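Visitor: One structure is given below, represented as structure tokens, and several questions about it will come after.
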Amino acid sequence: MPRAITLICENFADWETALINATARAYYGFDCQYASPKGTPVTSMGGLRVTPDLALEDIRLDELDLLMICGGPVWQSAQAPEISELLRAAQARQIVLAGICDGTRALARAGVLDLVRHTSNSADNLLAEGYAGAAHYQDVPHAVADQRVITAPGSAPVSFMAQILGALGISDDNLSAYLALHAAEHRPKA
């Protein structure tokens with residue numbers, strides 16, 4: 001069973017990783033867990049109160065397939081947890097790393113985006129101390145995957161889900177049909 005951990009902090013953007021976690025768990029049998037700083041309960045931007053499965057300080061990378069960083073305002077503040085070492089260790093082990101919205105800022109701070117194509121809410125959003133990946137930034141409204149690193153603006157949870165599953169080798173007719181359902185919302189009316 002593939003194992004995924006989503007990092008969440010106070011005021012996390014609940015919609016950004018909900019689709020990938022629900023799809024991975026319900027349709028592909030993933031063990032989806034949530035981690036927060038010190039394992040403390042957090043409340044999302046939408047008011048959803050979550051008691052995490054573990055503390056981010058207790059994350060073990062053994063047998064982990066996917067590590068995601070959910071966006072939220074904490075990543076733009078001094079209260080952002082320091083996870084650079086964890087992210088670099090996960091990248092070295094070839095664990096799929098995924099950041100959406102301001103979660104991409106943590107990837108940038110860790111140097112994970114220095115040599116891979118990536119995106120975010122904007123290029124300016126990644127101007128963090130030590131960020132050296134500007135030459136690889138893609139100004140696109142959808143998720144970008146490169147070398148097992150997936151990034152997306154906060155407005156792209158559907159392509160974020162698709163790129164993550166693709167990086168994990170999941171591509172089937174059920175997923176194609178599911179993506180088509182989401183795309184139908186954006187088709188022009190006849």
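Visitor: Please go through the range 24-53 and give me each residue that is surrounded by 14 or more Cβ atoms within 10 Å (Cβ to Cβ), of a type outside the set (D, E, K, R) and more than 18 Å from GLY103 (Cβ to Cβ), ordered by number.
Guide: TYR27, TYR28, PHE30, GLY39, listed by residue number.
Visitor: Any residue at all in the range 108-123 that is within 13 Å of PHE12 (Cα to Cα) and in contact with a helix residue (DSSP H, G or I) (Cβ under 7 Å, 6 or more places away or on another chain)?
Guide: No.
Visitor: Search the range 65-91 for residues being of a type in the set (Asp, Glu) and in a loop (DSSP other than H, G, I, E, B), and hand back the single one that is surrounded by the fewest Cβ atoms within 10 Å (Cβ to Cβ).
Guide: Per the criteria, the residue is GLU82.
Visitor: Kindly indicate the residue of the range 155-190 that is in a helix (DSSP H, G or I) and hydroxyl-bearing (Ser, Thr, Tyr) and also modelled with the lowest pLDDT among those meeting that condition.
Guide: TYR178
Visitor: When the range 96-126 is examined, which residues are found to be of a type outside the set (Asp, Glu) and more than 24 Å from ALA24 (Cβ to Cβ)?
Guide: Once the filter is applied, which keeps residues that are of a type outside the set (Asp, Glu) and more than 24 Å from ALA24 (Cβ to Cβ), the range 96-126 yields ALA108, ARG109, GLY111, LEU115, SER122, ALA123, ASN125, LEU126.
Visitor: Where the second residue is of a type in the set (Val, Ile, Thr) and in a helix (DSSP H, G or I) and the first is in contact (Cβ under 8 Å) with a residue 24 or more places away in the chain and under 21 Å from ASP14 (Cβ atoms) and lies in the range 152-181, which pairs have Cβ atoms under 6 Å and are six or more apart or on separate chains?
Guide: From the range 152-181, the pairs are MET161/ILE20; MET161/THR23; ILE164/ILE20.
Visitor: Looking at (1) among the acidic types (Asp, Glu); (2) surrounded by fewer than 21 Cβ atoms within 10 Å (Cβ to Cβ); (3) within 23 Å of ALA143 (Cα to Cα), which is the only condition ASP62 fails?
Guide: (3)
Visitor: Can you name every residue in the range 95-150 that is outside any loop (DSSP other than H, G, I, E, B) and acidic (Asp, Glu)?
Guide: Scanning the range 95-150 gives ASP124, ASP146.
Visitor: Please enumerate the residues belonging to the range 46-60 that are of a type outside the set (S, T, N, Q), part of a loop (DSSP other than H, G, I, E, B) and within 15 Å of THR6 (Cβ to Cβ).
Guide: LEU48, PRO52, ASP53, ILE59
Visitor: Something else now. For the range 162-172, check the following and say yes or no: at least one residue is charged (D, E, K, R), surrounded by fewer than 18 Cβ atoms within 10 Å (Cβ to Cβ) and within 24 Å of TYR28 (Cα to Cα).
Guide: The answer is yes; a qualifying residue exists.
Visitor: Considering only residues of the range 1-29 that are outside any helix (DSSP H, G or I) and not hydrophobic (A, V, I, L, M, F, W, C), which is farthest from LEU64 (Cα to Cα)?
Guide: Applying the filter and picking the extreme gives ASN11.
Visitor: Among the residues of the range 26-41, how many are out of contact with any Lys or Arg (no Cβ under 8 Å at 6 or more places or on another chain) and closer than 21 Å to GLY72 by Cβ?
Guide: 7
Visitor: Look through the range 92-134, keep the residues that are among the acidic types (Asp, Glu) and surrounded by fewer than 22 Cβ atoms within 10 Å (Cβ to Cβ), and return whichever of them is nearest to PRO73 (Cα to Cα).
Guide: For the range 92-134, the residue satisfying everything is ASP124.
The values are calculated or read from the model by the stated rules, or taken from the named source; none is laboratory data. Just so it is clear, the model here is predicted, and its values are computed rather than measured. Every residue, glycine as well, gets a Cβ built from its backbone with ideal geometry; the counts of neighbours run over all protein chains shown.
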